[in-house]
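Asks: Structure below; questions to follow.
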Amino acid sequence: MLIELSVKNCFVFNNQIVFSLDPTNKTTAIYGPNNAGKTCLIKCIQAMKGILLNQRIEIKSNLFFK
């Protein structure tokens, strides 16, 4: 079970973001305005799943950040 995910310089996230979940809650929704990073957050979660399952993954750093 994913409880917390911390991401920095991955996809569109320049600065570190922390995504926290309540382990007692069975449902989670990710919402926000367009271009806020929702899809990139899902890609980060999928990459973490791939790492844990020892699969080959491709993680791209932010192309718009030095």
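Computed from the coordinates by the stated procedures, all read-outs in this text should not be read as laboratory data. As the structure is a computational prediction, the values presented were derived from the model and not from experiment. Heads up, the Cβs are rebuilt from the backbone with ideal geometry, glycines too, and the neighbour counts pull from every protein chain shown.
Asks: Considering only Ser20, Leu2, Ala36, whose Cα is most displaced toward the positive end of the charge dipole of the chain, charges sitting on Cβ of Lys, Arg (+1) and Asp, Glu (-1)?
Replies: So the residue furthest toward the plus end is Ala36.
Asks: To continue, here is another question. In nm, give the distance between the simple-model label positions of Asp22 and Ser6, each being 7 Å from the Cα along the Cα-to-Cβ direction.
Replies: 2.3
Asks: What does the helix-only formula give at 222 nm for the chain: each DSSP H stretch with n ≥ 4 adding -39500 (n - 2.57), the total divided by the residues, and the result rounded to the nearest 500 deg cm²/dmol? Show your work: numbers first, answer last.
Replies: Details: 1 runs with 15 residues, N = 66.
Calculated mean residue ellipticity at 222 nm is -7500 deg cm²/dmol.
Asks: Counting alpha carbon pairs within less than 8 Å and at least 6 residues apart, what relative contact order, in whole percent, applies to the chain? Present the calculation step by step, with values, prior to reporting the outcome.
Replies: Values: 62 pairs, mean separation 25.0, N = 66.
Relative contact order comes out at 38 percent.
Asks: In terms of the Cα gyration tensor, with a ≥ b ≥ c the square roots of its eigenvalues, is the chain rounded because a/c is under 1.5, prolate because a/b exceeds b/c, or oblate? Can you show the working numbers first?
Replies: Details: a/c = 2.00, a/b = 1.21, b/c = 1.66.
It comes out oblate by the Cα gyration axes.
Asks: Placing +1 at every Lys and Arg Cβ and -1 at every Asp and Glu Cβ, with all other atoms neutral, what dipole size does the chain have around its Cα centre, in debye to the nearest 20? Kindly include the intermediate steps, with their values, before the conclusion.
Replies: Working: 8 positive and 3 negative charges, 42 e Å.
Approximately 200 debye in magnitude.
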